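Have a look at the structure below before the remarks.
Coordinate-derived values only; no laboratory data. Note that the structure is a prediction, hence the values are computed from the model and not measured. FYI the Cβ positions are ideal-geometry reconstructions off the backbone, even for glycines, and counts take in every protein chain you see.
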């Protein structure tokens, strides 16, 4: 079944659910001191479980979107989770987003629309032999491992959150591409799906990616980890889609240059959104400290 516009609607709904989950999970993870068993603390936090339910709903809708559409359509749209998460996160802590942030959000949404309309991604085949997976998986493993190690050894909270979020996002992207493969396999031969290595690689990628995301939420602000997750997930999925699943983008004429510009705008605006949100958080913290100092002096 191929229904591009239904896949777009489902991908946007999935992004919204993932954003709700991220805000809930980050607020829960950030309350766990480093050195404490992260998962042991989180499973006792009701707010974290709300986030888990949101993640489950988002993933279920994402599977439906991948069933009716292309990886190269669905995964870039999941970047909009950032647009939902930033205002929700700001509302959660009692702040409002400035006009510049909304302008960047609109620009990012426009770049996404250009990517989909001009790129006109096509569905590929999901019957690639194992030999075609080997090199892309090695490249992905090197990138994911490098980001994860960098996140673990970095001394900057923001840098740790960024790198751990990137590693988690790449794993989610790999899981999304594998989901496309496995769902099509289930549709044709359910027994083969139970014995395929892709099914178990999908499960492993999802579990490890989820843990790295929670670690990213714990060590730094949402404004540092969320952009990394939302950018790296579609990039990871697109890498597998193009190198293994045979998906293609329209590249004739000026289409390729337009796509490159759209992707560049997506990356730049997402990073700027992250920096703007982080700066707002610092300003708000400074204002709060000044207010508290003034109140103490009055007393």
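Computed from Cα positions, the angle between helix 4-29 and the longest principal axis of the chain comes to roughly 40 degrees.
Taking Cα centroids, how far is the stretch 133-164 from the stretch 11-83 in Å? A separation of 20 Å, based on Cα centres.
Would you mind classifying the chain by shape? Square roots of the alpha carbon gyration tensor eigenvalues, ordered a ≥ b ≥ c; an a/c under 1.5 is rounded, otherwise it is prolate if a/b is larger than b/c and oblate if not. Prolate is the answer for the chain, as a/c is 1.5 or above and a/b outweighs b/c. For the chain, relative contact order (Cα pairs under 8 Å, six or more residues apart, normalised by length) works out to 25 percent. Here the spin labels are modelled as points 7 Å beyond Cα on the Cα-Cβ line, and at residue 5 and residue 189 they lie 3.6 nm apart.
Can you tell me the 0 to 90 degree angle between the C-alpha axis of helix 46-68 and the longest principal axis of the chain, rounded to 10? Here the helix axis deviates by roughly 30 degrees. Working from label points 7 Å from Cα in the Cα-to-Cβ sense, the residue 139 to residue 267 distance is 1.4 nm.
Highest mean first, what order results for 10-18, 191-199 on Cβ atoms within 10 Å? Walk me through the numbers on the way to the answer.
Details: 10-18: 22.9, 191-199: 13.8.
Top to bottom by mean Cβ count within 10 Å: 10-18, 191-199.
Rounded if a/c is under 1.5, else prolate if a/b is larger than b/c, else oblate: which is the stretch 125-273, with a ≥ b ≥ c the root eigenvalues of its Cα gyration tensor? If you can, show how the numbers build up before the last one.
Numbers: a/c = 2.32, a/b = 1.26, b/c = 1.85.
Taking the square roots of the gyration eigenvalues as a ≥ b ≥ c, the stretch 125-273 is oblate.
Sum -39500 (n - 2.57) across every DSSP H segment of at least 4 residues in the chain, then divide by the residue count to get the 222 nm mean residue ellipticity, nearest 500. The partial results should precede the final answer.
Values: 12 runs with 245 residues, N = 299.
Calculated from helices alone, the mean residue ellipticity at 222 nm is -28500 deg cm²/dmol.
With angles folded into 0 to 90 degrees, how steeply does helix 255-298 sit against the dominant principal axis of the chain? Use alpha carbons for both and round to 10. Long axis of 255-298 versus the principal axis of the chain: about 20 degrees.
Backbone N atoms of the stretch 5-28 closer than 13 Å to the 7 Å Cα→Cβ label point of residue 53 belong to residues 21.
Taking 7 Å steps out from each Cα toward its Cβ at residue 156 and residue 41 produces label points 2.4 nm apart.
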